[in-house]
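Below is one structure, written out as structure tokens; comments come after it.
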Amino acid sequence: MRPTFRTLPIAVIGGGFSGMMAAEQLLRALPPDRAVVLCERGHPFGLGLAYSTPNPDHLLNLRATQMSADPEQPGAFSDWLVRAELDPTERLGLRETEAGTFASRGLYGRYLSERWTRLAEAAGDRLVADRAAIVDVEPVPEGFVLHGEGVSPRRVAGLVLAMGNLPGPAITPSRHRLDPWRPEAFGALYPGRDVLVVGTGLTMMDSVAALRREGFAGRVVAVSRRGLLPKPHAAVPVGRRPDFSPEIRFTPEIRASARRLFAAVRREVAAAREAGADWRGVIDALRPITDSLWTGLPRAEQARILRHVRPYWDVHRHRTAPPAAEAIADEIRRGSLVVRAARILAIDDAPDRALVTIRPRGTDDRERIEAQGILDATGFSRLAETGDPLIRNLLARGLVRPGPFGLGIAAGPDGRVAGQPTDAPVWAFGPMLRGVIWECIAVPDIRDAARPLARAVADRLGDRLAA
Ligand SMILES: Cc1cc2nc3c(=O)[nH]c(=O)nc-3n(C[C@H](O)[C@H](O)[C@H](O)COP(=O)(O)OP(=O)(O)OC[C@H]3O[C@@H](n4cnc5c(N)ncnc54)[C@H](O)[C@@H]3O)c2cc1C
């Protein structure tokens, strides 16, 4: 009989897009007698938080042509949209624009669900879909035992942590706080009183769309330190500037300094403008080298990038669908959305509202916002700040530690989690690697990274067998 380790499954914790991509590639890379267990606590398998929304105004922020889940067929999602029979409600989520086709995240979720069904059917017993919230992982000789709420403990040979963006307490607790992902509560808001959204990025845009869909007609005030809004995709494809080769232009001297890098990118954008080209072409052309630019910077320079450059980079790099940008611009024009560049100094609760003190950017003034509800749209939290029970237990056991600058999980370039007491086979995948890999958040990044991850896992388990 074969040793137990050989036949124990690999567990993927988190059944969102990252988890499904990891499971799919692991099934290919691992020997046929090694099963994959995908653990998901709440959302439909394959969809995760991002693609479970039914709101047709929650649009994908990439064109349909960029959203294939299939590394071998780049046009798979666009083709699916052409073939799919959409009911009238689903059709609302399909927007043809001059900048290309943008679909709702709900439609994308349906595409992923169908992919999940095919994957599960093809894999048979080798893919175990476990509807479980994993709360702890116990290291045992040759593997781990997963402990979940309401499920029996399960032994596995290794782990892939794919829990997505970590929720966390980014703002002061308030009893008037509303969850951006639970729009059911928005229907009870009074139209005559303000709602505050903390953050002015893509999640703020989603929050405004959700408030409106649930019938809230009142004013929304959105606050972030710089008040920057995501830029829309260009109306026409931008292409690259023909003579722009970032590998050549970013000399080692430039690559060693945040300030020089920022200045170099600005120079390229100015040159693009002068040549009649769009700035987006420069940002897109940087994509293949952003990871190496990031990892090549000294620590102190990385810190400067996070502090001073990242907010600007994010709004230019993670662009939004033009119809979503137009809806926000229209709200601002009508005064139903007010965007403020300010720091939140305090949130005090009164019985029926929160009293929020802000300091507008560049001033020493104090202002008061009275809000009947507060939505935290700041995105994600640092690893050590999250209240997630699994993360807390993994940290306590020393199985993971925070990544650089507290972002995500510390790991090697292949995603294998760093700093463990043993060489335990644990990997992090997707947005959990955001401190280590710059481009690990969007669908194309995750899709293309799944195969190397699966190979790394297979190699590692092979090492263990040989040992
Ligand atoms: C609102 C939103 C919109 C986005 N839109 C786009 C877009 O248009 N295009 C694009 O390319 N990218 C987009 N992204 C980026 C997104 O990060 C990726 O596309 C991708 O969805 C990330 O998937 P994930 O599985 O890593 O994370 P998630 O979607 O967050 O999924 C993680 C899953 O893990 C589960 N989980 C967590 N902890 C446990 C546990 N202890 N036990 C069991 N299950 C657990 C959660 O329930 C969740 O379902 C968006 C992200 C968000 C948040």
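So, of the residues in segment 145-158 that are more than 11 Å from the ligand (Cβ to nearest atom) and assigned to a strand (DSSP E or B), which turns out to be surrounded by the fewest Cβ atoms within 10 Å (Cβ to Cβ)? Among those that are more than 11 Å from the ligand (Cβ to nearest atom) and assigned to a strand (DSSP E or B), it is VAL145.
Against the test of being surrounded by fewer than 18 Cβ atoms within 10 Å (Cβ to Cβ), outside the structural domain of PRO413 (by TED's automatic domain parsing), among the basic types (Lys, Arg) and farther than 16 Å from CYS440 by Cβ, the options ARG287, ARG299, ARG310 yield a single qualifying residue, ARG299.
Test ARG155 against the criterion of being touching a strand residue (DSSP E or B) at 6+ places or on another chain (Cβ under 8 Å), of a type outside the set (A, V, I, L, M, F, W, C) and touching a residue at least 40 places away in the same chain (Cβ under 8 Å), and give yes or no. For ARG155, the condition - touching a strand residue (DSSP E or B) at 6+ places or on another chain (Cβ under 8 Å), of a type outside the set (A, V, I, L, M, F, W, C) and touching a residue at least 40 places away in the same chain (Cβ under 8 Å) - is met.
Determine whether PHE216 is outside any loop (DSSP other than H, G, I, E, B), crowded, with 17+ Cβ neighbours inside 10 Å and more than 11 Å from the ligand (Cβ to nearest atom). No. Residues that are part of a loop (DSSP other than H, G, I, E, B), within 16 Å of the ligand (Cβ to nearest atom) and either free of Cβ contacts under 8 Å to residues at least 40 places away in the same chain or not small (Gly, Ala, Ser) (or both) within segment 409-434 comprise PHE429, ARG434, listed in sequence order.
Kindly indicate which of ALA350, ALA341 is within 18 Å of ASP194 (Cβ to Cβ) and surrounded by 15 or more Cβ atoms within 10 Å (Cβ to Cβ).
Values: ALA350 fails: surrounded by 15 or more Cβ atoms within 10 Å (Cβ to Cβ).
Residue meeting the stated conditions: ALA341.
Residues that are touching a helix residue (DSSP H, G or I) at 6+ places or on another chain (Cβ under 8 Å), among the β-branched types (Val, Ile, Thr) and crowded, with 21+ Cβ neighbours inside 10 Å do occur in segment 416-436. Would you point out the residue of segment 46-92, among those that are under 13 Å from PRO323 (Cβ atoms), more than 12 Å from the ligand (Cβ to nearest atom) and not aliphatic (A, V, I, L, M), that is surrounded by the fewest Cβ atoms within 10 Å (Cβ to Cβ)? Within segment 46-92, the match that is surrounded by the fewest Cβ atoms within 10 Å (Cβ to Cβ) is PRO56. Scanning segment 93-130 for residues that are within 22 Å of HIS233 (Cβ to Cβ), of a type in the set (D, E, K, R) and buried (at least 17 other Cβ atoms within 10 Å of the Cβ) gives ARG95, ARG105.
Is segment 402-415 home to any residue that is buried (at least 22 other Cβ atoms within 10 Å of the Cβ) and either of a type in the set (Ser, Thr, Tyr) or modelled with pLDDT of 95 or more (or both)? Break it down into steps so the answer makes sense when it comes.
First pass over segment 402-415, keeping only residues buried (at least 22 other Cβ atoms within 10 Å of the Cβ): 403, 408-409, 411, 415.
Adding the requirement that they be either of a type in the set (Ser, Thr, Tyr) or modelled with pLDDT of 95 or more (or both) leaves none.
No.
Are any of the residues in segment 384-391 among the charged types (D, E, K, R) and farther than 20 Å from GLY164 by Cα? Looking for residues that are among the charged types (D, E, K, R) and farther than 20 Å from GLY164 by Cα, one finds none in segment 384-391, hence no.
The number of residues in segment 353-394 being without any contact (Cβ under 8 Å) to a residue 40 or more places away in the chain, assigned to a helix (DSSP H, G or I) and in contact with a Pro (Cβ under 7 Å, 6 or more places away or on another chain) comes to 1. The condition of being touching a residue at least 24 places away in the same chain (Cβ under 8 Å), in the same structural domain as GLU326 (by TED's automatic domain parsing), within 26 Å of ALA300 (Cα to Cα) and among the charged types (D, E, K, R) holds for only one of ARG213, ARG193, ARG225, that being ARG225. For the residues LEU345, LEU355, the requirement of being among the aliphatic types (A, V, I, L, M), modelled with pLDDT of 95 or more and within 16 Å of SER224 (Cβ to Cβ) singles out LEU345.
For segment 375-408, a tally of residues being closer than 30 Å to HIS176 by Cα and within 15 Å of the ligand (Cβ to nearest atom) returns 18.
Annotation: GLY16 fulfils all but one of (1) buried (at least 20 other Cβ atoms within 10 Å of the Cβ); (2) more than 7 Å from the ligand (Cβ to nearest atom); the unmet one is (2). Among the residues of segment 53-83, those that are assigned to a loop (DSSP other than H, G, I, E, B) and acidic (Asp, Glu) comprise ASP57, ASP70, GLU72.
For segment 35-45, which positions are near the ligand (Cβ under 7 Å from one of its atoms) and either assigned to a loop (DSSP other than H, G, I, E, B) or not assigned by TED's automatic domain parsing to the domain that holds GLY16 (or both)?
Taking segment 35-45 and keeping what is near the ligand (Cβ under 7 Å from one of its atoms), we get 39-43.
If the condition is that a residue be near the ligand (Cβ under 7 Å from one of its atoms) and either assigned to a loop (DSSP other than H, G, I, E, B) or not assigned by TED's automatic domain parsing to the domain that holds GLY16 (or both), then ARG41, GLY42, HIS43 are the ones that fit.
Among the residues of segment 440-455, none qualifies, meaning not one is in contact (Cβ under 8 Å) with a residue 24 or more places away in the chain, more than 10 Å from the ligand (Cβ to nearest atom) and closer than 21 Å to SER381 by Cα.
The values are calculated or read from the model by the stated rules, or taken from the named source; none is laboratory data. Please read all numbers here as calculations on a predicted model, not as lab measurements. With ideal geometry, Cβ positions are generated from the backbone for all residues, glycine too; neighbour counts draw on all protein chains shown.
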